[in-house]
């Protein structure tokens, strides 16, 4: 079944393997007349690019994005925007020793079970490089959101056991871990150096905040805004959990505390607290949207690991080479991108919710 | 935008409001020739039915399911199965005092913002009664899974601060809280009585386990099996979080521990541990699938709460009447149902993954 | 695969078999705040109802529509509208002589090949009664279109060899054949009487005209407005062809004639002719939309016909009972309904085509 | 709304404008393990390539296809296949005289109405070059069909008033008009030369035949096989009509003739005639599938034509340059491609129709 597309009214379709000729995305449903800042797209690419610090893989990829369609004289035309990155750094190395082995924590085994075949040169579609298309599309979605006054910010909330204790938005881009707390970032770096020393890897938590989302966006039953965000997040390779607002903490709380009281402020309805995380009944409530995702430790580690091969023989594998000791910092922009894509899709889908607004839309036209 | 359907190859479309004439579901994509046990469907309905203990709403609803199509001489015909429950207990009470007030923690405000209108007689589509259709459909999905050797079991893992410490599957249906630990169930009941005494409500955690899922099911990019499960779960009214396998605990773990080593057992590939929760790279790995959801405390409480009305006036509301102090026990069957629907959809979608199997399928025919 | 739904932003899902308990439809994506005239829905039902003249089956079905959800205090609420008709006239007759025989021109054989099972009491899902749900949904779509100033009119263009020679809209509802030409209607009736005398059946052509459709609706590539209309029309049981504007006649024409010249009229762009039928490049051009469908002769005839049964034995079958000698007149409202549904879906999907209008939509809100 | 994708289980997404950097397609849902003959893809590209005879545009485009993903060591991997053609022949000519004029018969006006913007360098997405992606994808679909024993053949049935009188499959590729009748091809060429002399263009009819389709494929309600084919065909730029089997001729026929009698032949069910065109009730009946499409005359002609510009001023336009006097011959491969894509999608979707076959599929695995 075709499963490489995400979204309906605003839909992205990614393609490409980690060691193939190129990777890319087709973004369909981009409205016409948007002045597109292509530098912003490259900036997004650069945020997920490897080789930026010792905490990300040393593999060098220019990851220069090429826009192939859908933009004319600096503006979107309403037609699909196709974007592509050539795989510059295709090692023609000898894969014979790992070609038939299932790496623990990777999708090698499940991919082989599903398709009966495997591109053994790397993770194939299950590689982190698949997110190149997501991030390029996300950079477009972000620009659409900005036109609508919606702003988005994702960052590292925790690396291993080190969580942030303060929040300074300016700090996020200053440290290599994308943490909004310089102190925590330092501690996290020390923790990562320790992990590297032990030939091990670390996980973490990413948090995302969205401001300015109009109220009433999202569908009340299956296509709840938070349900779509959950799917978007769990579709990212290493993500193992999603929570919105107070998330799992609600389980031990009481209704009297967890309910957010409504009040009036400057003539508009507000909530006094935001345990809900900006979504009530699957629809945005006008408040800040806050959610978190759990990211597992990088499965590629150089310690010897027990595993089996395609012939059903038990083996020991040591994965050497270029791997991130933690993927959280590079995944931040992926989270931001997928969230932006989800929100744009929901905003567009919401436009036919009321008869009076539809009449108004077409009369005006 | 139409958002009342879930699934592609196996698709359910629910309809109906809490205080309307009826609620129901259309289940499309049910394969022909399945001998359908309709008693099982009613059993599922009864598991989510209110009025079964003092820990669920006292509202009495027979919730007798009627099958309107798609079944002939005890077997499914391949055509849509339409099922319906009449709303027996429609109070014609006076809603004037709450008709214009936004209840905290409910979707009243967001629904009003989205649609400019509100069915003030209850939660409308955002009511827990919407899940009637999901559960009826889930009871069909479960029977399909059983034909394929897949078994599913959901239960209450925690109520408020009380978590299970042991697991006895037989215990689940014996206590009113659906907990697999009789001791914990007793403690949880005491906690809930305390909540009721304080005019308050409680939340909790539901866990679901799936055995027998073949390996390689789920799509490797956006339609990952766990991503689809996450969406299914977050689409349930009060759910605020989802995690698979070790979930949020992976964040503080190391790769050397979190990676599940592969080994051979009775000639087949197995994992020595199951931190992954049965899904690798979005595809089932043949191991048990384990996931959890966080359920928020029932928002309807009889304590006075601060809120506003549709005219932008601040108000105090006290919600009396029949409400569950905790919705977790009744939500267990909803979790089970949505999981079953998601898995059936994934199993069907997976059938065209390999050319050799497609050729074999059609040659045989 | 689930295939009982049509439309995306405005989606209908039909269910029910000809001889089951009931038939119905779930209409999802109806905007909130539409004042719904339910009498109009019953009027639509009555237009497709059998037993209205000797040219339609004598079978009596009240076909009283029941609205089960989605409407509150006379207005739509934005939630799915579920509608149902109970099968009043379920003959408990003896089917043993036809239960195992494949009727020529019917879907008995293909249904059996696909599902390995057959509801032998009638056409099941392939019965004309499946269109009950389409027509009920169409009556809602028509009312949405009217709010937007779009008007629709379908009629019989030809019965067998008898085509209309003039057009009088008022005449359509006056004769039992839904022809806009009283003279042709008389001739067609004579032709049908002759067919009945010969134990035979007739086909025909239905034409549909849409006025007031705003320009630019429809998508330029796969979801062209005329492509969606073509699918909608061919999804109606007996339809074997679709053409828009000059249709098949374009094949023998020249570009110089077939191109419609643009001109200015009252300050707006118009076409001097309408060979295109109101659609250019898949998008509405503001002109009248005109299309036609070819309807095959009713396959149920009482003449002896050669066929085979499920055991692979050759048989002779005579289909007695209540059958329309021509289904064209009753199919007119089905064509109108499916066209309305298609247009509403396209109008809603079109709302996110331009960035400036999206900004305007949300700023206003 | 995103409208650049076609198909569900087998889905293509095309992108690119006639005068942009490149055009291409992402084909998702290709099963793994198909040995892909890439020469066949280029052959398909060459069949639609311009500049092959005086009856097609003289514009020279190499249209060399590049495969960017989804194929490894000559076999498909189950991941999306991305293919691209660079636009070699991008004239940097002066468009100032046509940039603001709406060409009659083209989508210029409707595109402008929809998007408020226009890529005036050519037809943009409404150009025939958009079909490059369809044909590349079609060449893959054809190879899948061949693995399943399904063979497909499309050809020109008529050019203007000249229709074929005989059928010789070998002749189709021998004449520049793709006609299976050498005599008719000669007459049609004479007719076209006459059209060229008159600065005019011609239309025609394309017929497509499919052999070996298993019975029971297609869905019985909205996703009927012929309904999906109709949509696929009307989604091709210049197509104005679709008919299956006897098509519009059924309207004047009687049931006794139009019904195809079933008989037994070599132990299997056959039809004695094929008025139905291989589809009954929306499902394939095992017989040859036959359908036709009407193609309008090329709208670009060099005669002066009356039109208007974006400023609402009436103008006269003469479209000089490189244009096909008839697009039928080059559209034949597009018809074949879209039909193949539709059939593959239907075959894949059909695999979950029966419970016993699903059980068998997974048990075997």
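The values are calculated or read from the model by the stated rules, or taken from the named source; none is laboratory data. The structure presented is a predicted model; accordingly, all values stated were derived computationally and were not measured. FYI the Cβ positions are ideal-geometry reconstructions off the backbone, even for glycines, and counts take in every protein chain you see.
Could you grab me the full set of residues in region D:195-213 that are within 10 Å of chain C (Cβ to nearest Cβ) and out of contact with any strand residue (DSSP E or B) (no Cβ under 7 Å at 6 or more places or on another chain)? Selection gives D:198, D:199. Taking the criterion of being more than 13 Å from chain C (Cβ to nearest Cβ), crowded, with 22+ Cβ neighbours inside 10 Å and not in a helix (DSSP H, G or I), the residues of region D:162-194 that qualify are D:177, D:178, D:179, D:180, D:181. Take the conditions in a loop (DSSP other than H, G, I, E, B) and either out of contact with any helix residue (DSSP H, G or I) (no Cβ under 7 Å at 6 or more places or on another chain) or at pLDDT below 85 (or both) and apply them to residue C:103. Does it pass? Taking the combined requirement at face value, the residue satisfies it. Scanning region B:182-197 for residues that are within 16 Å of residue B:55 (Cβ to Cβ) and in contact (Cβ under 8 Å) with a residue 12 or more places away in the chain returns B:182, B:184, B:185, B:187, B:188, B:189, B:191, B:192, B:195, B:196. Residue selection: residue C:331 satisfies the criterion of being more than 8 Å from every other protein chain (Cβ to nearest Cβ) and crowded, with 21+ Cβ neighbours inside 10 Å. For region A:282-296, the tally of residues that are part of a strand (DSSP E or B) and buried (at least 22 other Cβ atoms within 10 Å of the Cβ) stands at 8. Looking for something touching a strand residue (DSSP E or B) at 6+ places or on another chain (Cβ under 8 Å) and either surrounded by fewer than 21 Cβ atoms within 10 Å (Cβ to Cβ) or assigned to a loop (DSSP other than H, G, I, E, B) (or both) - is there at least one such residue anywhere in region D:334-350? No, region D:334-350 has no match at all. With respect to residue A:18, is the statement that it is under 19 Å from the mean Cα position of the chain (by Cα), within 14 Å of chain B (Cβ to nearest Cβ) and modelled with pLDDT under 95 true? So residue A:18 fits the description; yes. The set of residues in region D:214-236 that are farther than 16 Å from residue D:293 by Cα and at the interface with chain C (Cβ under 7 Å from one of its Cβ atoms) comprises D:215, D:216, D:219, D:220, D:221, D:222, D:223, D:224. Checked against the criterion of being over 14 Å from the mean Cα position of the chain (by Cα), assigned to a helix (DSSP H, G or I) and within 14 Å of another protein chain (Cβ to nearest Cβ), region C:146-157 has at least one qualifying residue.
Residue B:23 meets each of the listed conditions (1) crowded, with 24+ Cβ neighbours inside 10 Å; (2) under 23 Å from residue C:341 (Cα atoms) apart from (2).
Applying the set (1) within 13 Å of chain D (Cβ to nearest Cβ); (2) at pLDDT 95 or above to residue C:125 leaves exactly one unmet item: (2). The residue that is nearest to residue D:174 (Cα to Cα), counting only those in region D:314-333 that are more than 9 Å from the chain's Cα centre (by Cα) and part of a helix (DSSP H, G or I), is D:329. Of the residues making up region D:257-310, those that are over 30 Å from residue D:160 (Cα atoms) and out of contact with any helix residue (DSSP H, G or I) (no Cβ under 8 Å at 6 or more places or on another chain) number 13. When restricted to residues that are more than 7 Å from chain C (Cβ to nearest Cβ) and within 24 Å of residue D:227 (Cβ to Cβ), region D:258-276 contains 5.
I'd like to check something: does region A:244-254 contain any residue that is within 19 Å of the chain's Cα centre (by Cα), within 30 Å of residue A:11 (Cα to Cα) and not in a helix (DSSP H, G or I)? Yes, region A:244-254 contains a residue that is within 19 Å of the chain's Cα centre (by Cα), within 30 Å of residue A:11 (Cα to Cα) and not in a helix (DSSP H, G or I). Taking the criterion of being within 11 Å of chain C (Cβ to nearest Cβ) and either farther than 16 Å from residue B:82 by Cα or at pLDDT below 95 (or both), the only residue of region B:28-47 that qualifies is B:33.
Per this entry, residue A:51 is not counted among residues that are at the interface with chain D (Cβ under 7 Å from one of its Cβ atoms), out of contact with any strand residue (DSSP E or B) (no Cβ under 7 Å at 6 or more places or on another chain) and at pLDDT below 95. Examine region C:208-216 for a residue that is farther than 25 Å from residue C:324 by Cα, at pLDDT 95 or above and under 15 Å from the mean Cα position of the chain (by Cα), and state whether such a residue exists. Yes, region C:208-216 contains a residue that is farther than 25 Å from residue C:324 by Cα, at pLDDT 95 or above and under 15 Å from the mean Cα position of the chain (by Cα). Scan region B:266-281 and tell me whether some residue there is modelled with pLDDT under 95 and in a strand (DSSP E or B). Looking for residues that are modelled with pLDDT under 95 and in a strand (DSSP E or B), one finds at least one in region B:266-281, hence yes.
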